[in-house]
Structure formats: C-alpha cells, structure tokens
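Readers should treat all values here as calculations from the given coordinates under stated rules, not as data from a laboratory. Since this is a predicted model, take the numbers as computed values, not measurements.
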C-alpha cells in the first residue's frame, strides 16, 4: 500500500483523529484489511505535524462503510473475555486471537 488513492477516486473521510499517530494507526489497520487509505492534515507549521490539529483518514467512497466498521472495532477487546487455548491450555487475554505459546487460533475466530 502506498498511502495514495487514485487521483480520480471518489473519496470520503472516515476518521478525524486527534493526532497524526492515531491517524497513521488507523491507516495501518485499514491497510491490513486491504483497504487503501490516505492520511491528510499531517503538516502544521511549528508543531512538527504531531500536535494541535486533526489528521484525517480518507478512503474511496465504496470502501467507507467497511472502513468505518473496522475502525469502530479496532483496539477493542473481544467481548467474550479471556480464553483458554484448546491446543496447549494456556490462558490468554481477550484481545489475542491466536495463542502466543503454540499458535493455535482462538475458537470461533
């Protein structure tokens, strides 16, 4: 992913982030799901582009609903709570979808 949308694309903003790092994190989440996104509003004289402004994340309009749904769920732990690995019995926190010890997938994922 290049971080650039096609110039003729019909774009829409899916996130107004509090900081550039938050926007870049969202772009990374979208890229991992195969959704091309670009961060805008990175520059602000005197602030190094990091503080005091809102960076925005833009995607093609056709991917907007999927992008917003994905970003709503990003960083939230699984509501099912902690789980026990069926492969090795290791107890894992809710946010893990794979066992760190043996690599088995969380049941139901």
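Extension gain for residue 31-residue 54 works out to 6.2 nm (0.36 nm per residue, less the C-alpha to C-alpha distance). Counting 0.36 nm for each residue step from residue 104 to residue 22 and taking away their Cα separation leaves a gain of 26.5 nm.
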